[in-house]
1. Which residue is farthest from the other protein chains (Cβ to nearest Cβ), if the candidates are limited to the range B:139-153 and must be out of contact with any helix residue (DSSP H, G or I) (no Cβ under 8 Å at 6 or more places or on another chain) and buried (at least 22 other Cβ atoms within 10 Å of the Cβ)?
2. Taking strands (runs of 3 or more DSSP E) that fall entirely within the range A:18-137, which contain at least 1 residues that are over 26 Å from B:ASP136 (Cα atoms)?
3. Of all residues being surrounded by 15 or more Cβ atoms within 10 Å (Cβ to Cβ) and at pLDDT below 95 in the range B:32-76, which is nearest to the other protein chains (Cβ to nearest Cβ)? Just the residue, please.
4. Can B:TYR95 be described as touching a Cys at 6+ places or on another chain (Cβ under 7 Å) and aromatic (Phe, Trp, Tyr)?
5. I'd like to know if the range B:77-90 contains one or more residues that are hydrophobic (A, V, I, L, M, F, W, C), in contact (Cβ under 8 Å) with a residue 60 or more places away in the chain and buried (at least 16 other Cβ atoms within 10 Å of the Cβ).
6. Read through the list (1) in a helix (DSSP H, G or I); (2) touching a helix residue (DSSP H, G or I) at 6+ places or on another chain (Cβ under 8 Å); (3) not small (Gly, Ala, Ser), then give the number of the only condition that B:GLU72 fails.
7. Quick check on my filter: what residues within the range B:100-126 are aliphatic (A, V, I, L, M) and either out of contact with any Phe, Trp or Tyr (no Cβ under 8 Å at 6 or more places or on another chain) or farther than 20 Å from B:THR237 by Cβ (or both)?
8. Has the range A:108-115 got any residue that is under 30 Å from B:ARG116 (Cα atoms), surrounded by 18 or more Cβ atoms within 10 Å (Cβ to Cβ), away from chain B (no Cβ under 13 Å) and in contact with a Cys (Cβ under 6 Å, 6 or more places away or on another chain)?
Amino acid sequence: MSAHQGLRGYVTARGFGPYVIPVPVQSLALRDYCARKKFVYVLPGNENCFPHSYLVLEGLISDLSSYEGIVMCSMFMLPQRAERRRRLCQHVFDQGCAIHLVIEDMVVADRQDVENLEQLLLIDRLAAQAPKSIALE
Amino acid sequence: MALTDTFRSAKEGPDGEEFLRTAYVIRDFEDREALDGLRREIVLAAARFIGHPAPADDGTFLDEIHRLVPVEKVNDLRLSLYREINGKPWFRPTYFRLVRGLVESLVGNELAMQNRINFSIQMPQDRTSLLDLHADVFAGETPYQIVQWLPLVHVRATKSMFILMRSKSEEVVTRLKDFSEGGMSAVYNAVKPDLVWLDIPYGKVLVFSPNVLHGNIVNEEPTTRWSLNCRYTGLFTPYGIGERSLGSYYSPITARPVTHLGMAYREPGGFEE
C-alpha cells in the first residue's frame, strides 16, 4: 500500500476570486470531487478569515507525507503573490503530492502545470481590467 | 432581609473564575442518567449501521470500534450517526440538559445553541480525522461562544484533545503574523511544550472557549476516541460570519417571556402633526 493516501481538504470562509462559498458547501464540493475521482477525502483545514493570512494552508503543506495532495475549490484560494504561489506549489511537489482545484477541474502536479496556472491567473487579472463595453462613437 | 454587595451568586463564582483564568472547565454531568441514555442511543445506531448486535457494554463497544469498522469507513459511520441522531427531537434538549447550569452560569440564560451537534470518531493511527491547531474565531465564528465537548469514552493523552491556557494562547495570537512562513505547524511547534492534554473520564464534560488555540493529533492510544461537540452563545451577542450566524448555524433555545413580549411590541403610529 502507498504511504500517500487521500487528499487533504482546504476551505476558507473568505471570498476568493469571484466566489463567496459557505464552508459547508465547499466541503460538499470537495467530498463529491474525491468520490468522483476515487480519492479518500481527508477532513479539511479551515483558513483563518483575516485578510492575507495563509497560516492554515502553509501548515497543511508543511507535512503532506500521509497524503496524495490537497484539494480546494478554486485556484483563487492560493496566495495572490505569484512568487509565494510558486514556492508553495514546489513545496507540495517536493513531497510527491499535487494540488487539486475543483472548480477549474485542474490538477497542478508539476512545473508545467504551474506555468499553465500562472498564465490563467494572469489572463484573468488582465481580463478584469478590460472595459466592460466599448463606445462606438 | 439579608443585604448583599454583589450581583453574583455563590454558585457561579468558582466556575467563572476558573474559566476566565484557563478558558476551560471540566465538570461532572448534571444528569448522569440522561448521559447514559444518550450514549446508548448512539451505540445502538452505530451497531445498526455496521450490522452488529446491540452490545452489552457500551463503553467497550465504542472503545473497540476500530476492530469492527475499517478506517476508510469511519467517516461514513460518523456522517450516518450525525444525520440520524441530529434528526431525533430529544437530542439537542438532552444534550443541553446535561450541562444547563454550567452553561447558564458561564454564558447567560437566554441562549442560542448550534443547530447540529458534531460527531468525532478518531481511531488509533487514523490521519483522516485530524483537527490541527486552530481557534474557531479565526474562521469567522463569534468570540462570544463556548463549546460543550462531551467524550463518550474515557479520553486522555493523544486520544483526547489539547488546549492552550488562555494567557499563553492570547500571547501567541498577538504575534501570529510572525508565523506566516511556517503556518499553523510552526505555531504548533512553538506552543507544544505548553499544551494541556485533557484527561476526561466518561461522565465528565469539558466546556471551553474556542477562542483559545486547541486541536488534536493522531490518536496513538490503543482505543478509539468518540466525542460530541456543540456551541452556545448569548442570544443577544454579536454573531460571526453569515454561515455561522443565527439561523444557518445557531437557533434560539431559551428566549425568556420578557424577550417575547418585547419582540411583540409595536409602536403606535399613524399620528399627524
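The values are calculated or read from the model by the stated rules, or taken from the named source; none is laboratory data. Computed from a predicted model, the values in this text were never measured in an experiment. Cβ coordinates were reconstructed from backbone atoms using ideal geometry, including for glycine residues, and neighbour counts include every protein chain displayed.
1. Looking at the filtered set, the residue picked out is B:PRO151.
2. Once the strands (runs of 3 or more DSSP E) in the range A:18-137 are filtered for at least 1 residues that are over 26 Å from B:ASP136 (Cα atoms), what remains is A:98-101, A:106-108.
3. Looking at residues that are surrounded by 15 or more Cβ atoms within 10 Å (Cβ to Cβ) and at pLDDT below 95, I get B:ASN75.
4. It is true that B:TYR95 is touching a Cys at 6+ places or on another chain (Cβ under 7 Å) and aromatic (Phe, Trp, Tyr).
5. No, the range B:77-90 contains no residue that is hydrophobic (A, V, I, L, M, F, W, C), in contact (Cβ under 8 Å) with a residue 60 or more places away in the chain and buried (at least 16 other Cβ atoms within 10 Å of the Cβ).
6. (2)
7. Those that are aliphatic (A, V, I, L, M) and either out of contact with any Phe, Trp or Tyr (no Cβ under 8 Å at 6 or more places or on another chain) or farther than 20 Å from B:THR237 by Cβ (or both): B:LEU102, B:ILE117, B:ILE121, B:MET123.
8. no
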